[in-house]
Amino acid sequence: MERDASFGDRVGIIWSEAWRLLRAVPMDVAIYLLVTIIGSTLADLFAPEAGGTLAVSIGSLAAAYALTLRMLRKGVEGGQRGDSGFSTYFGISFLSGIAIFLGLLLLIVPGLILWARWLPAYGYGLGEGRGATEALSDSWEATSGHVGPIIGSILLPFIIGTGGALAVIFTVEGGGPPTWWSSLIANTLIYSSQAVGIAIGLAVFSLLARRDSGLAEVFE
């Protein structure tokens, strides 16, 4: 991304690429949303105990991996290079997730910065055949100088997804099980924001690592 370009221009470029990636796999996005939203809503209503939560976590992780891989193969210029698979995806999720969670828990801003620096790591891991730690390192190096626009790009999905998560927490803490409509709305907010987040992460990867993509000249 050209560092002389305005903040708004760079955010717009990222969103344009993310929208293109979402449009490249509309059926996969729809399936992802249906599976995660309906599955999580049913778990909230009928299996709110720890076992149900664990099943939802595993299922949503697998669904996110499938959508990421599909979007990478069909939407990102050059597709998948190398043979990295779910173990790499899980490693990136685990390592970055702990650090980002702690950053968000402490002061929010450090967590957003870490999220921005590691957002395209799934692209480097699955797209370039890197291991988890190498993908995180490549992502950190590549996003230098672009943190502000990346945070600007993920801020809206972050707010929407956090709102959905807080709605679930407040409902549970209120002393009763969630109604079907409150759970459905909350899960729709959560997983819609996650689908957009996947697209933004791969968009940043596309613009930074695949310089023959249509908008990549702005990421120089």
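What follows draws every value from the coordinates through simple rules; no lab data is involved. Quick caveat: nothing in here was measured; it's all calculated off a predicted structure. Note that each Cβ is placed from the backbone with ideal geometry, even for glycine, and that neighbours are counted across all protein chains shown.
Just a few scattered comments:
- Listed residue (I198, L114, L156) projecting farthest to the positive dipole end of the chain, Cβ model: I198
- Against the chain, whose longest principal axis comes from its Cα atoms, helix 86-106 is set at around 80 degrees.
- For the stretch 21-93, averaging the sequence separation of C-alpha pairs within contact (under 8 Å, six or more residues apart) and dividing by the residue count gives a relative contact order of 39 percent.
- Between 0 and 90°, nearest 10: helix 109-118 axis offset from the chain longest Cα axis: 60
- More than 21 angstrom apart: percent of Cα pairs within the stretch 80-198: 46
- With contacts taken as Cα pairs under 8 Å at a separation of at least 6 residues, the chain carries a relative contact order of 33 percent.
- Ranked by the mean number of other Cβ atoms within 10 Å of their residues, highest first, the peptides 90-103, 189-202 come out as 189-202, 90-103.
- Of the peptides 153-166, 123-136, the order by per-residue mean of other Cβ atoms within 10 Å, starting with the highest, comes out as 123-136, 153-166.
- Residue-averaged [θ]222 nm for the chain, counting only DSSP H segments that reach four residues, each worth -39500 (n - 2.57): -26000 deg cm²/dmol
- Each Lys and Arg Cβ is given +1 and each Asp and Glu Cβ -1; about its Cα centre, the chain then shows a dipole of about 260 debye.
- Projecting the Cα positions of I14, G82, L104 onto the charge dipole of the stretch 1-133 (unit charges on Cβ atoms of Lys, Arg, Asp and Glu, taken about the Cα centre) puts G82 furthest along the positive direction.
- Cα-based Rg and Dmax for the stretch 92-140, where Dmax is the largest Cα-Cα distance (Å): 10.6, 33
- The E141 and F46 beta-carbon pair, evaluated with R₀ = 41 Å, returns a calculated FRET efficiency of approximately 0.35.
- Sorting 16-28, 76-88 by their mean Cβ neighbour count within 10 Å, with the most densely packed peptide first, gives 16-28, 76-88.
- Helix 50-75 axis versus longest C-alpha principal axis of the chain: approximately 30°, rounded to the nearest ten.
- Per-residue 3J(HN,Hα) values for the stretch 181-194, derived from phi via the Karplus relation 6.51 cos²θ - 1.76 cosθ + 1.60 with θ = phi - 60°, read 6, 5, 5, 5, 5, 4, 5, 5, 5, 4, 7, 5, 5, 5 Hz in sequence order (x marks Gly and Pro).
- Residues within the reach of a label modelled at L156 (point 7 angstrom out along Cα to beta-carbon, backbone nitrogen below 18 Å), restricted to the stretch 179-213, are 188-204.
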